[in-house]
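Please read the structure below before turning to the comments.
The values are calculated or read from the model by the stated rules, or taken from the named source; none is laboratory data. Computed from a predicted structure; not experimentally measured. Heads up, the Cβs are rebuilt from the backbone with ideal geometry, glycines too, and the neighbour counts pull from every protein chain shown. When the accessible area is computed, the model is the full protein with side chains, heavy atoms only, and any ligands, DNA or RNA have been set aside. Shrake-Rupley method; radii C 1.70, N 1.55, O 1.52, S 1.80 Å.
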Amino acid sequence: MKKTSVWKGIALSLTSDIAEGRYATGDRLPTEAQLAAKHGVNRHTVRRALSDLAEQGLVHARRGAGVFVAAQPTDYAIGKRVRYHKSISASGKIPGKKILTLTTRAADQAEAEALQINTGDQVHVYDGLSLADGQPIGLFQSVFPAARLPEILDALSDTQSVTKALQRCGVEDYTRVSTRLTARAATATQALHLRITEGAPVLFSVGINADPNGLPVEFGRTVFAGDRVTLTLNED
């Protein structure tokens, strides 16, 4: 009977731990030194085992942070008529939203320009988390013109859905007017909410949605966990 190599045995042990949920998606594995001590081997052997798991797509390393259990990226389409719940469901995962805060305040310059109102005008703001299979994939902020949509916060609290909330406020349909994507490094606050390491890569999206008459109804900012989402452009 062929004997399993030491590094392969460590790889199989870690694979079993991941499969049985001892390490969840996004969790950091023990350090090379800790694994070496646990299995009574040198760090080179542990490194070979981790390399094998990385080749399988089970883990990924972040420089200076460690080795983490990888998630299968969620496909998320960005287009004129794409809706979050429909897009995430189409990827085979269960969509969800978590409300962090619902507030009213004065619009800053960027928000005012996007919503075609005056700087300082009142806006309703929805801060929350976008989830896929219960895992946070995006930290978002949706800003709405308070004068046009005075009841939007109550509707959001009830539905946790921008589409349903807008419909309740009389906006039966809306389309994406513009989307801007940039790559950034996660701040401490973003990392905390998204359960990633500070400085990890994130995608920052800024978008404007308008009603059928072309009047802006939502200005959105979203920070996506870079290794959990595959953004695709959809013209529909």
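Residue-level check: of (1) over 20 Å from residue 227 (Cα atoms); (2) in a helix (DSSP H, G or I); (3) not β-branched (Val, Ile, Thr), residue 102 misses just (2).
For segment 73-86, the set of residues classified as touching a residue at least 12 places away in the same chain (Cβ under 8 Å) and of a type outside the set (A, V, I, L, M) consists of 73, 74, 75, 76, 79, 80, 81, 83, 84, 85, listed by residue number.
Criterion applied to 67, 46, 41 was being in a strand (DSSP E or B), buried (at least 16 other Cβ atoms within 10 Å of the Cβ) and in contact (Cβ under 8 Å) with a residue 12 or more places away in the chain, and the one residue passing it is 67. Which members of segment 11-34 meet the condition of being crowded, with 16+ Cβ neighbours inside 10 Å and over 26 Å from residue 228 (Cα atoms)? Those that are crowded, with 16+ Cβ neighbours inside 10 Å and over 26 Å from residue 228 (Cα atoms): none in segment 11-34.
Here segment 191-203 is the region considered, the condition is being in contact with a Leu (Cβ under 7 Å, 6 or more places away or on another chain) and within 12 Å of residue 226 (Cα to Cα), and the residue that is least open to solvent (accessible area, probe 1.4 Å) is 194.
Would you check which residues across segment 160-178 are β-branched (Val, Ile, Thr) and either in a loop (DSSP other than H, G, I, E, B) or open to solvent by 40 Å² or more (accessible area, probe 1.4 Å) (or both) and list them?
The answer is 171, 177.
Scanning segment 72-100 for residues that are open to solvent by less than 60 Å² (accessible area, probe 1.4 Å) and among the β-branched types (Val, Ile, Thr) yields 74, 78, 82, 88, 99. The selection criterion, being more than 30 Å from residue 146 (Cβ to Cβ), out of contact with any strand residue (DSSP E or B) (no Cβ under 6 Å at 6 or more places or on another chain), basic (Lys, Arg) and modelled with pLDDT under 85, does not hold for residue 83. Among the residues making up segment 186-212, those that are closer than 16 Å to residue 128 by Cβ, assigned to a helix (DSSP H, G or I) and within 11 Å of the chain's Cα centre (by Cα) are 190, 193, 194.
Given the structure, is residue 140 in contact with a strand residue (DSSP E or B) (Cβ under 7 Å, 6 or more places away or on another chain), among the hydrophobic types (A, V, I, L, M, F, W, C), in a strand (DSSP E or B) and within 21 Å of residue 76 (Cα to Cα)? Spelling it out, residue 140 is indeed in contact with a strand residue (DSSP E or B) (Cβ under 7 Å, 6 or more places away or on another chain), among the hydrophobic types (A, V, I, L, M, F, W, C), in a strand (DSSP E or B) and within 21 Å of residue 76 (Cα to Cα).
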